[in-house]
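Colleague: Take a look at this one; I'll ask things after.
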Amino acid sequence: MGESWETLGAEWQALASLWLRTDAALVRSGRTDLTFKEIHNLSIPDKWKQWMFSKAMHTDATRPSEAFGKVITNYLNSLPPSTHQIGGTVMDQAWSRPGRTGVIGLLLCLYWQAVYSGAGKDWHANMKHVERIFNAILAIPDL
């Protein structure tokens, strides 16, 4: 799995396993990858958006700066509370889908925060936030 898999710890590994279950459940939603126009119109951190564009174009993405940790923390904190509540509005988010323009971006952003900004208190809080988002998706009866 790689050095990062081991060094980021059990909490990270558990979240990655939860992501796999979430992504598999989202396949049943029928949602597909976002189009270039849909990606362009997203209100997500620019580095995440650039990563989506690079995946769609099959090119390499550039790494974020050290400041990215604060960017993703602010983004997650700006989401409506109902986004991460069971029975809430998580499916209203354009990234609530499987594949390269979906919830993997949340995991990617956490990885970037850990590697490039330091896995501190904000990172652990953000992991809990994303865990609640994944659990809200998994609790949707239609999936």
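Colleague: How do S117, S78 stack up against each other in accessible area, from largest to smallest, with a 1.4 angstrom probe? Walk me through the intermediate numbers first.
Modeller: Values: S117 40, S78 80 Å².
If we order S117, S78 from most to least accessible, we get S78, S117.
Colleague: What does the charge add up to near L26, with Lys and Arg as +1, Asp and Glu as -1, over the other residues with Cβ less than 15 Å from its Cβ?
Modeller: In short, +1.
Colleague: Quick one: how many Å² of Y75 are accessible to a 1.4 Å probe, rounded to 10?
Modeller: Approximately 20 Å² of Y75 is accessible to the 1.4 Å probe.
Colleague: Tally Lys and Arg at +1 and Asp and Glu at -1 over the other residues with C-beta under 10 Å from the C-beta of R100: what net charge comes out?
Modeller: Counting the neighbours of R100, the net charge comes to +1.
Colleague: Can you compute log10 of I(q)/I(0) for the stretch 18-70 with the Debye formula, treating each Cα as one identical point scatterer, at q = 0.30 Å⁻¹?
Modeller: With no solvent term, the Cα-only Debye profile gives -1.07.
Colleague: In nm, to one decimal, how far is the L143 label point from the S54 one, both placed 7 Å along Cα→Cβ?
Modeller: Each label point lies 7 Å from its Cα, and together they span 2.6 nm.
Colleague: Follow-up question, since we're still on this one. Taking a probe of 1.4 Å, how large is the accessible area per residue of the chain, in Å²?
Modeller: Value returned for the chain: 52 Å² of accessible area per residue.
Colleague: Could I ask something else about it? From the P(r) of the chain, can you give the percent of Cα pairs sitting at distances over 23 Å? Can you show the working numbers first?
Modeller: Values: 3174 of 10153 pairs.
Percentage above 23 Å: 31.
Colleague: Let me ask you something else. So between A61 and R28, what do we pick up on full extension, going 0.36 nm a residue minus the alpha carbon distance?
Modeller: Stretched fully, the A61-R28 segment lengthens by 9.0 nm.
Colleague: Give the total of Lys-Lys pairs in the chain with Cα-Cα distances below 14 Å; include a pair only if its members are 8 or more places apart or on different chains.
Modeller: Lysine pairs meeting both conditions in the chain amount to 4.
Colleague: Report, in debye and to the nearest 20, how large the dipole of the stretch 1-121 comes out about its Cα centre when Lys and Arg carry +1 and Asp and Glu carry -1 on their Cβ.
Modeller: 280
Colleague: In the chain, with Lys and Arg counted as +1 and Asp and Glu as -1 at Cβ, which of these residues, V130, A119, Q93, has the Cα nearest the positive end of the dipole, that is, farthest along it?
Modeller: Checking the options against the dipole of the chain, the answer is Q93.
Colleague: Roughly how many percent of the accessible protein surface of the chain is carbon and sulfur, given a 1.4 Å probe and a whole-percent answer? Write down the numbers at each step before the final one.
Modeller: On the way: 3990 of 7500 Å².
Carbon and sulfur together cover 53 percent of it.
Colleague: What is the sum of charges, Lys and Arg at +1 and Asp and Glu at -1, for the other residues whose Cβ falls under 13 Å from the Cβ of A61?
Modeller: Computed value for this residue: +3.
The values are calculated or read from the model by the stated rules, or taken from the named source; none is laboratory data. Fair warning: this is a prediction, and the values are worked out from it, not measured in the lab. Neighbour counts are summed over all protein chains in view; Cβ atoms, including those assigned to glycine, are modelled from backbone coordinates with ideal geometry. Areas reflect the complete protein model, heavy atoms only, side chains present, ligands, DNA and RNA absent. Shrake-Rupley method; radii C 1.70, N 1.55, O 1.52, S 1.80 Å.
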